[in-house]
1. Short version: ³J(HN,Hα) in whole Hz for each residue of region 124-132, in order, from phi by Karplus 6.51 cos²θ - 1.76 cosθ + 1.60 (θ = phi - 60°), x for Gly and Pro, what are they?
2. Given +1 on the Cβ of Lys and Arg, -1 on the Cβ of Asp and Glu, and no further charges, what dipole in debye does region 106-177 carry about its Cα centre, rounded to the nearest 20?
3. I'd like to know which of TYR129, VAL79, TYR5 lies farthest towards the positive end of the charge dipole of the chain, counting +1 on Cβ of Lys and Arg and -1 on Cβ of Asp and Glu.
4. Compute, for region 31-179, the length of the dipole vector about the Cα centre, with Cβ point charges of +1 (Lys, Arg) and -1 (Asp, Glu) only. Units Debye, rounded to 20.
5. With a 1.4 Å probe and all protein chains in place, put ILE106, ILE51, ILE66 in order of accessible area, largest first.
6. Could you work out what % of the accessible surface of region 1-82 is carbon and sulfur, using a 1.4 angstrom probe and leaving DNA, RNA and ligands out of the count?
7. Select from PHE40, PHE125, PHE162 the residue whose mean-square fluctuation is largest in a Gaussian network model of the chain (Cα-Cα springs shorter than 10 Å).
8. Calculate the dipole size of region 48-133 relative to its Cα centre from +1 charges on Lys and Arg beta carbons and -1 charges on Asp and Glu beta carbons; express the result in debye to the nearest 20.
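The values are calculated or read from the model by the stated rules, or taken from the named source; none is laboratory data. Everything numeric in this text was worked out from a predicted model, so none of it was measured. Glycine gets a Cβ as well: all are built from the backbone with ideal geometry, and neighbour counts include every protein chain shown. These accessible areas exclude ligands, DNA and RNA; they are computed on the full protein's heavy atoms, side chains included. Shrake-Rupley method; radii C 1.70, N 1.55, O 1.52, S 1.80 Å.
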Amino acid sequence: MANDYDVIVVGAGNAALSAAMAAKEICESVLVVEKAPEFFRGGNTYFTGGIIRFAFDDIEDIKQVIPDMSPTEQASVDVGSYTENQFYDDMMRVTQGLTDPELAQILVSQSLPTMQWLQQKGVRFVLAYGRQAFKDGDKYRFWGGILVEAVGAGKGLSDQQFDVCAEMGIDVRYSTQAK
């Protein structure tokens with residue numbers, strides 16, 4: 001017997017699972033089809049560091065993404081800022097101006113709200129000390145505008161998103177190729 005779904009998402013990496021979670025907020029039934037078997041789930045996200053670039057102004061923005069950061073940890077870091085303008089300029093530089101300016105602006109302006117949304121859904125993040133930080137005196141400083149990673153890196157991001165999908169009642173079919 002075939003099921004009818006309001007939305008079918010093809011693939012099961014970070015972007016696909018985020019799309020499934022967003023769809024489930026406004027739709028009754030969502031299906032994710034993943035061609036890999038369950039033990040290989042997660043797409044390329046599984047192999048990443050779980051670091052996500054987003055625009056932020058200061059530690060207060062970071063605390064919205066990592067709300068369980070202790071006062072001691074806050075005092076030991078200098079997160080600086082990575083403004084929307086810096087993010088947009090980096091997008092244009094990396095793509096040699098070949099990205100769609102309107103879509104790039106949407107990505108940049110929604111990057112912090114998206115991180116907050118993921119955190120509110122239950123995805124946990126930590127500061128990326130081992131990948132993007134260096135010690136300068138008594139403070140850790142972060143370089144490249146990237147300082148937050150999912151707990152457990154890419155595998156952790158993937159596993160957390162699958163957990164959220166399960167909690168939301170999103171169906172996932174493994175070993176299922178879309179045609």
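1. These are the phi-based 3J(HN,Hα) values: 9, 10, 9, 5, 8, 4, x, 10, 10 Hz.
2. Working: 8 positive and 7 negative charges, 44 e Å.
Dipole about the Cα centre, nearest 20: 220 debye.
3. TYR129
4. Values: 14 positive and 21 negative charges, 122 e Å.
Its charge dipole is roughly 580 debye.
5. On the way: ILE106 85, ILE51 55, ILE66 5 Å².
In descending accessible area the options line up as ILE106, ILE51, ILE66.
6. On the way: 2390 of 4460 Å².
C and S atoms contribute 54 percent here.
7. PHE40
8. Working: 6 positive and 12 negative charges, 82 e Å.
The calculated dipole for region 48-133 is roughly 400 debye.
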